[in-house]
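Comments concern the structure below.
The values are calculated or read from the model by the stated rules, or taken from the named source; none is laboratory data. Here the structure is a predicted model, which means the values were calculated and not measured. Every residue, glycine as well, gets a Cβ built from its backbone with ideal geometry; the counts of neighbours run over all protein chains shown. Note: accessible area is taken over every heavy atom of the protein model, side chains too, but ligands, DNA and RNA are not part of it. Shrake-Rupley method; radii C 1.70, N 1.55, O 1.52, S 1.80 Å.
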Amino acid sequence: MTTWTTRPETTNDITAIRDINLAAFPTSGEADLVDALRADPEAWVDGLSMVTEGSDGALVGHALLTRCLVDGAPALALAPCAVRPSAQRTGAGSAAIRAALDSARSMGENLVLVLGHSDYYPRFGFTPASGFGIRAPFEVPDEAMMAMALNDTRPVPTGTIQYPAAFGV
C-alpha cells in the first residue's frame, strides 16, 4: 500500500486540483463545482480543501469540505472527492477524506454530510443522515444521504440541508 502525504491546498494547487477532477469524472461538472465553491466566500472554509500527493510531489487526490446549513445551523458538505485514475483504489482518496475530516474536527466543526456510495463512506464513520433527523432538499435513497458527527458530545441540528448555490439545488 502506498503511503500518501496530505495537506491543505495552496493557490499553486488550483490547476492541478481542476485536472484531478477532470480526469476522475466524465464531465467538467465536479471541476466546475470546486471552482464555484472556491469563489463563494459563504461556502469556502480555508483549510478544508485537502490534496493527496505522491512521493514525487505530484498531486493525485482531492477532497473538499464546504459550508452548508441544516435548517440554518452550520454543517459541512463533503463533495467532491476525486482521484486521478492511475491512483484510484490505492488509498489516495481515503487519505484526503481523513485529512479533511481531521482538519474540520480540529477547527471545531461538528457535522459533515455526504451524498455518496453507501458501501464507501461508512468506513469513515458516516451513517444515514435520517438517523440524525437530517434530510436532503431533494429525493435521494436513504442509504446514500449520510452524516457524521465529529464530536459525539455536541448536539447535531435536525432538518433539511441547505447547500451552497454552486450545487444548484
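Within region 4-36, the set of residues being of a type in the set (Ser, Thr, Tyr), without any contact (Cβ under 8 Å) to a residue 24 or more places away in the chain and farther than 19 Å from PRO85 by Cβ comprises THR10, THR11. When GLY131 is tested against the conditions (1) open to solvent by 60 Å² or more (accessible area, probe 1.4 Å); (2) under 16 Å from THR160 (Cβ atoms); (3) touching a residue at least 24 places away in the same chain (Cβ under 8 Å); (4) not aromatic (Phe, Trp, Tyr), the lone failure is (3). Beta carbons closer than 8 Å, at least 6 apart along the sequence or on distinct chains, never pair a first residue in region 101-121 that is within 18 Å of THR153 (Cα to Cα) with a second that is hydroxyl-bearing (Ser, Thr, Tyr) and surrounded by 15 or more Cβ atoms within 10 Å (Cβ to Cβ).
Listed here are the residues, each with its yes/no results for (1) assigned to a strand (DSSP E or B); (2) at pLDDT below 95; (3) buried (at least 22 other Cβ atoms within 10 Å of the Cβ).
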residue: PRO26; (1), (2), (3): no, no, no
residue: ALA31; (1), (2), (3): no, no, no
residue: VAL34; (1), (2), (3): no, no, yes
residue: LEU37; (1), (2), (3): no, no, yes
residue: ASP46; (1), (2), (3): no, no, no
residue: MET50; (1), (2), (3): yes, no, yes
residue: GLY57; (1), (2), (3): no, yes, no
residue: ALA63; (1), (2), (3): yes, no, yes
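In region 142-161, the residues that are acidic (Asp, Glu) reach residues that are surrounded by fewer than 15 Cβ atoms within 10 Å (Cβ to Cβ) and outside any strand (DSSP E or B) with C-beta atoms within less than 6 angstrom, at least six apart or across chains, in these pairs: ASP142/SER130.
Has region 1-23 got any residue that is assigned to a helix (DSSP H, G or I), within 28 Å of ARG135 (Cβ to Cβ) and not acidic (Asp, Glu)? Yes, that holds for at least one residue.
Condition check ((1) surrounded by fewer than 19 Cβ atoms within 10 Å (Cβ to Cβ); (2) farther than 18 Å from VAL45 by Cα; (3) touching a helix residue (DSSP H, G or I) at 6+ places or on another chain (Cβ under 9 Å)) across all residues:
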| site | (1), (2), (3) |
| --- | --- |
| VAL70 | no, no, yes |
| ALA77 | no, no, yes |
| THR90 | yes, yes, no |
| ARG135 | yes, yes, yes |
| MET146 | no, yes, yes |
| THR158 | yes, yes, yes |
| ALA165 | yes, no, yes |
